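The values are calculated or read from the model by the stated rules, or taken from the named source; none is laboratory data. Nothing here was measured: the structure is a model prediction, and the numbers come from that model. A quick note on method: Cβ atoms are made from the backbone with ideal geometry, for glycine too, and the neighbour counts reach across all protein chains shown.
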Amino acid sequence: MTSKKISVGVMPLGNISEIALQVIADHIAGCFKFATQILPPMEPPDVAFDERRLQYNAGIIIEAFESIHFDNHDKIIGVLDKDLFIPIFTHVFGEARQGGTCGLVSLFRLMKNPDGSAPPESLIHERAAKVALHELGHLLDLLHCEHKKCLMHFSGGTDEVDEMSLDLCEYCSIYLLDKLR
């Protein structure tokens, strides 16, 4: 899919299962054809924890990790099991700054179905891969897409994540190919 050589580091923020990290790294390598590497774990900064909300502020985590130089990696996808928010939403599954270097994926809410039941581990991994690819899309300057099946469609609930494809729509694909030339 790409002509520009991009390297992506997948970084556990805390104790994240090797399987979840490998699924995310493999999907990045398979879908975007980017070199991927699982990095050693780090902890999310304590200052990102909001005691009133009992959640972590995604923007603060991203800001902290964008100030770190990660050798040999153009983009970083941090994976954590903490509940994330940004000030305008009660929660987010992931977050990335348009054109930035670091994005986040939170497994916290991906581990529950809309009815509160626990999904099979394979579905959690698929959801995590979709969120990681979506956030990487933002890091590559892709915007939210109106096509419901497109990987870049905004998802407010796990049911919407489940409806998304692991692929970009025709328009997002063309934009990304052009961007990476």
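Numbers at a glance
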| read-out | value |
| --- | --- |
| Filtered residues of segment 152-173 (kept if touching a Leu at 6+ places or on another chain (Cβ under 9 Å) and hydrophobic (A, V, I, L, M, F, W, C)) | M152, V161, M164, L166, L168, C169, C172 |
| Identity of the residue in segment 20-75, of a type in the set (K, R) and within 17 Å of the chain's Cα centre (by Cα), that ends up farthest from P87 (Cα to Cα) | K33 |
| Qualifying residue in segment 162-175 (condition: within 23 Å of E18 (Cα to Cα) and either in contact (Cβ under 8 Å) with a residue 40 or more places away in the chain or surrounded by fewer than 19 Cβ atoms within 10 Å (Cβ to Cβ) (or both)) | yes |
| Residue match in segment 92-104 (condition: within 21 Å of E18 (Cα to Cα), among the basic types (K, R) and touching a helix residue (DSSP H, G or I) at 6+ places or on another chain (Cβ under 9 Å)) | no |
| Selection count, segment 61-85, where residues are in contact (Cβ under 8 Å) with a residue 24 or more places away in the chain and outside any strand (DSSP E or B) | 11 |
| Options L110, L123, L133, L139: the member that is under 20 Å from C31 (Cα atoms), touching a Lys or Arg at 6+ places or on another chain (Cβ under 7 Å) and surrounded by 16 or more Cβ atoms within 10 Å (Cβ to Cβ) | L139 |
| Complete set of residues in segment 69-107 that are of a type in the set (S, T, Y) and within 25 Å of A29 (Cα to Cα) | T101, S106 |
| Where a residue in segment 21-48 is of a type in the set (D, E, K, R) and its partner, wherever it lies, is assigned to a loop (DSSP other than H, G, I, E, B), with Cβ under 6 Å and at least six apart | K33/M1; K33/T2 |
| Residue in segment 74-82 that is in contact with a Phe, Trp or Tyr (Cβ under 6 Å, 6 or more places away or on another chain), under 29 Å from C150 (Cβ atoms) and among the basic types (K, R) present | yes |
| Tally, over segment 113-143, of residues that are touching a strand residue (DSSP E or B) at 6+ places or on another chain (Cβ under 7 Å) and not β-branched (V, I, T) | 7 |
| Wholly enclosed strands (runs of 3 or more DSSP E) of segment 1-60 bearing at least 2 residues closer than 23 Å to D167 by Cβ and at pLDDT 95 or above | 7-12, 35-38 |
